[in-house]
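Values quoted throughout were computed directly from the atomic coordinates according to the rules given, and no laboratory measurement underlies them. In this text, all values refer to a predicted model and were calculated from it rather than measured experimentally. Cβ atoms come from the backbone with ideal geometry, glycine included; neighbour counts cover every protein chain shown.
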Amino acid sequence: MEIAAKRRVVIVGIGSIGRRHARLLCERKDVAVEVFEPSAEMLTRAESELGPLVKHESFEQMLATQPEVVWICTPNPLHAAQTVAALRAGCHVFCEKPMSNSLVEARRMKEAAEASGKILNIGFVLHFLPVLARLKEVISGGVLGQILHVHGRAGMYVILANSASRYQTHEPGSLFLDYSHQPDLFYWLLGRAPKTIQVTAFHAGSLEFSSDPNVADVVCGYDDPLVVTLHINYVQMPQRHDYEVIGDLGWAAVDIVTGELKIGSRNEQSVVVEKYPCEPDDLYRAEIEGFFATVAGERSPETSAADGIISTVVCEKSIEAWRRGERVDLNWQ
């Protein structure tokens with residue numbers, strides 16, 4: 001009986017999210033995991049958790065060995081250059097969110113993926129959360145009627161506490177990029193991109209770790225009667241993470257932390273409670289499985305480069321609106 005060769009996967013960057021991916025990829029019998037990480041401290045920490053790892057001396061040397069997959073988990077400013085280089089070297093690429101901290105660079109990534117014929121998937125893992133998959137089903141099924149308002153709240157100081165590089169301290173606007181999950185999620189749920197953005201944001205509070213800003217409210221306007229609001233902060237701990245969708249036939253509210261979904265019906269004058277608990281590791285396992293199914297040609301990317309650009313634009317324009325202190329228009333041409 002012929003034994004299938006393992007896929008060579010090189011994880012680039014093994015901070016907190018890189019170590020999670022490495023640990024879960026190491027579980028798979030069809031994958032041989034290797035790493036590139038310039039920090040000796042990060043390598044030592046990773047091997048203390050995962051055991052001995054196959055390590056590469058440089059990014060360029062790693063690409064020269066022609067791995068099948070490169071898994072980008074580095075700080076945001078490195079995503080574009082490393083993704084483009086890996087695609088041009090003939091590798092499939094999984095790139096953690098955000099796609100890039102620059103729309104120009106995100107477009108370079110998309111062009112490189114199209115030219116290479118390889119898979120580029122952006123790691124918006126919340127798509128694989130059962131409670132959000134159910135919410136998407138409720139919205140698309142018309143249960144709530146015409147959607148008029150969506151609100152999201154995400155307060156996760158724990159992200160700062162776990163950050164290996166602390167880049168948020170010296171990169172103004174990093175709050176918006178770190179919370180790129182939310183504009184991606186709104187687009188995934190609604191199938192529509194905003195046309196205008198307004199932002200109120202500031203830096204305040206006495207905290208060990210912080211960013212500028214560390215509190216923000218974002219208002220997204222659309223062509224049709226719809227408003228999406230988002231509150232994000234690097235203050236709350238324990239974390240808060242929830243969403244509410246309001247339609248003319250009902251409403252739905254999701255608590256991401258507990259996996260609880262409430263669906264209110266105007267006609268029935270009732271509230272149904274559903275629960276979809278999900279362990280974080282299972283969420284990431286589903287994402288990994290989806291990526292390898294894409295590489296095998298069994299499905300399309302969960303978040304393609306074209307889809308990833310949507311959240312990149314929203315993040316970039318949110319930073320612009322914050323800096324200018326006024327509403328900005330989004331040009332989708």
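Checking the Cα-Cα distances for K136/K317; K29/K262; K55/K118; K110/K262; K55/K275; K6/K136 against a 32 Å cut-off, the pairs over it are K29/K262; K110/K262; K55/K275; K6/K136. How tilted is helix 280-295 with respect to the longest principal axis of the chain? Cα atoms for both, answer in degrees (0 to 90, nearest 10). Result, in degrees: 70. Annotation for L78 and K29: the two label points, set 7 Å from Cα along the Cα-Cβ direction, are 3.4 nm apart. Of the GluC sites (Glu not before Pro) found in the stretch 276-333, the ones in coil according to DSSP and having at most 12 other Cβ atoms within 10 Å of their Cβ are E298, E326. Taking amide H positions as modeled 1.01 Å from N, with prolines and chain starts lacking one, the residues under 5 Å from G123 and 5 or more places away or on another chain are C95, E96, K97. For R240 and E111, the difference between the fully extended length at 0.36 nm per residue and the C-alpha to C-alpha distance is 42.8 nm. Would you work out if the stretch 222-285 is rounded, prolate or oblate? Take a ≥ b ≥ c from the square roots of the eigenvalues of the alpha-carbon gyration tensor; rounded if a/c is under 1.5, else prolate when a/b is larger than b/c, oblate otherwise. Since a/c reaches 1.5 but b/c is at least a/b, the shape of the stretch 222-285 is classed as oblate.
Here the residues H149, H241, H79, ranked from fewest to most Cβ neighbours within 10 Å of their Cβ, fall in the order H149, H241, H79. Placing a pseudo-label 7 Å from each Cα along the Cα-to-Cβ vector at E268 and D282 gives an inter-label distance of 2.4 nm.
Across the stretch 159-169, rounded Karplus estimates of 3J(HN,Hα) from the backbone phi angles (6.51 cos²θ - 1.76 cosθ + 1.60, θ = phi - 60°) give 4, 5, 4, 8, 5, 7, 8, 6, 4, 4, 5 Hz, Gly and Pro being marked x. Rounded to the nearest 0.05, the FRET efficiency derived from the C-beta distance between E60 and S16 at R0 = 25 Å is 0.50.
By how many degrees, 0 to 90 and rounded to 10, does the Cα axis of helix 130-140 deviate from the longest principal axis of the chain? Approximately 50 degrees, to the nearest 10. Tell me the mean residue ellipticity at 222 nm calculated for the chain from its helices only (DSSP H runs of n ≥ 4, each -39500 (n - 2.57), averaged over every residue, nearest 500). The helix contribution divided over the chain gives -11000 deg cm²/dmol. Label zone of L148 (point 7 Å out along Cα→Cβ, amide N under 20 Å): in the stretch 253-296 this covers 253-254, 262-272. Potential lengthening of the chain between F209 and L249 amounts to 10.1 nm, from the contour at 0.36 nm per residue minus the alpha-carbon distance. The fewest-to-most ranking of C315, C26, C95 by surrounding Cβ atoms within 10 Å reads C26, C95, C315.
Applying 1/(1 + (r/R0)^6) with R0 = 30 Å to the Cβ-Cβ distance of S165 and V227 gives a FRET efficiency near 0.30. Computed 3J(HN,Hα) for the stretch 212-220, one whole-Hz value per residue from the Karplus formula 6.51 cos²θ - 1.76 cosθ + 1.60 where θ = phi - 60°, is 10, x, 10, 9, 8, 10, 10, 10, 10, glycine and proline marked x.
Taking the number of Cβ atoms within 10 Å of each Cβ as an exposure proxy, the fewest-first ranking of L185, L249 is L249, L185. For the chain, the antiparallel share of DSSP beta bridges with both residues in that region comes to about 60%. Modelled label positions at K275 and S48, each set 7 Å beyond Cα in the direction of Cβ, lie 3.7 nm from each other.
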